[in-house]
1. In segment 305-319, which residues have a backbone nitrogen under 20 Å from the label point lying 7 Å from S33's Cα in the Cα-to-Cβ direction?
2. Using r as the Cβ-Cβ distance of D279 and D307, and R0 as 30 Å, what FRET efficiency do you calculate, to the nearest 0.05?
3. Given contacts defined as C-alpha pairs under 8 Å and at least six residues apart, what's the relative contact order of the chain, whole-number percent?
4. Considering every Cα-Cα pair within the chain, what fraction, in whole percent, is farther apart than 33 Å?
5. When we measure straight from the Cα of K38, which lysines land under 19 angstrom away, once same-chain ones fewer than 8 places off are left out?
6. Based on DSSP, what percent of beta bridges with both residues in the chain are antiparallel, to the nearest 5?
7. Enter the angle in degrees (range 0 to 90, nearest 10) between the Cα long axis of helix 81-90 and the first principal axis of the Cα atoms of the chain, meaning the one along which they spread out most.
8. Given the DSSP H assignment, sum -39500 (n - 2.57) over each helix run of at least 4 residues in the chain and divide by its residue total; what's the result at 222 nm in deg cm²/dmol, nearest 500?
Amino acid sequence: MKEVLSVKNLGKYFVKGEFSRQKETIRAVDDVSFSVKKGQTLVLAGESGSGKTTIARLILRAIEPDSGEIVFDGIKIDNSTTILKKMRTECQMIYQDPYASIDPRMKILDAVREPLDIHNIGRPNERKELVFSALSDVKLDPQEIALKYPHMLSGGQRQRVAIARSIATKPKLVIADEPVSMLDVSVRLGILELIKELQDKHDISFLYITHDLATAKYVGHEIAILYLGKIVEAGPIDEVLLQPRHPYTQALLDSISEPSPDNLHKEKRIRINEPLKIDTYKGCRFRARCPYAIEKCKQEPTLEEVDNHRYVACFVEIN
Ligand SMILES: Nc1ncnc2c1ncn2[C@@H]1O[C@H](COP(=O)(O)OP(=O)(O)OP(=O)(O)O)[C@@H](O)[C@H]1O
Ligand SMILES: [Mg+2]
């Protein structure tokens, strides 16, 4: 199956407190590789600070990578104007906060039209038509909504407008960074369903970023679990979530599972430890919190294929 995006050995370090005595290098993204298949959704999951948004910003070239390469639609991304132009039209982003991602001074028609104007897509007199079609795609009534301002809409409607804006340029890839986490629980499912529907209709690939495995399962085909800038486990989403092989994936899953009679019988409920004070970047990064840690974990495990398309970076057999 063709890949729309492939990320190889991507790295980004930040220096925290550059001018203070406690200077610290944060390996926000460290030797990360993954790919997004055409027409599919790859979920990037991990806790706050695991590097999810940094990866999105690196792909969109909002920041420069320190190492590694990104190949989009068969072309290696660099800083040349033509490549960045292709990237900015064919790869779009949906943000977490629908209140911040749409300019409050713009009418919906203009907000959705803006990327078409910027990237010169369609003839100027056809653009209103394209906006209306994008609004219909996200299940909003164009006639009713086009001349309204964002403050006249609900959070869910605003996120639909933000999605319309992101698909108006007919992108090949959409990066959605926690697109439902700020929305009311009652409208989340509708947005997730919309994402799936748009994928089927327009063959859009998604990189879906979240800390929430329950929503991830709903939209994803494959998943990569990030822990402090490293992928610790990856594979087909149903398999990874049904039978997690990395202690961190297990812990993440346990944190969302409801107390049910099934779970009460599950002995291997893992509780992650209080982090030990060790150098996070030496050996396995999860070692400081892992209940299964052994001496060998002081070395760094590599992400290896342990089964058909299942990748795990762990020395311990936990299943
Ligand atoms: N511009 C920056 N300067 C310094 N450190 C940064 C910068 N951007 C991100 N970081 C650090 O990099 C790490 C990863 O941050 P990132 O925002 O990518 O995490 P995230 O997984 O998106 O978290 P969240 O779920 O909270 O959005 C964090 O430790 C963060 O503090
Ligand atoms: Mg983030």
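Here, each number is a calculation from the coordinates, and none is a lab measurement. Worth saying up front: this structure is predicted, and the values here are computed from it rather than measured. Backbone-built Cβ (ideal geometry, glycine too); neighbour counts: all protein chains shown.
1. 305-315
2. Approximately 0.45, to the nearest 0.05.
3. 19
4. 30
5. By straight Cα distance, K38 reaches K2, K8, K76, K86, K170, K172, K196, K201, K217.
6. Bridges in the chain are about 60 percent antiparallel.
7. Relative to the chain, helix 81-90 is tipped by roughly 90 degrees.
8. Mean residue ellipticity at 222 nm (helix-derived): -9000 deg cm²/dmol.
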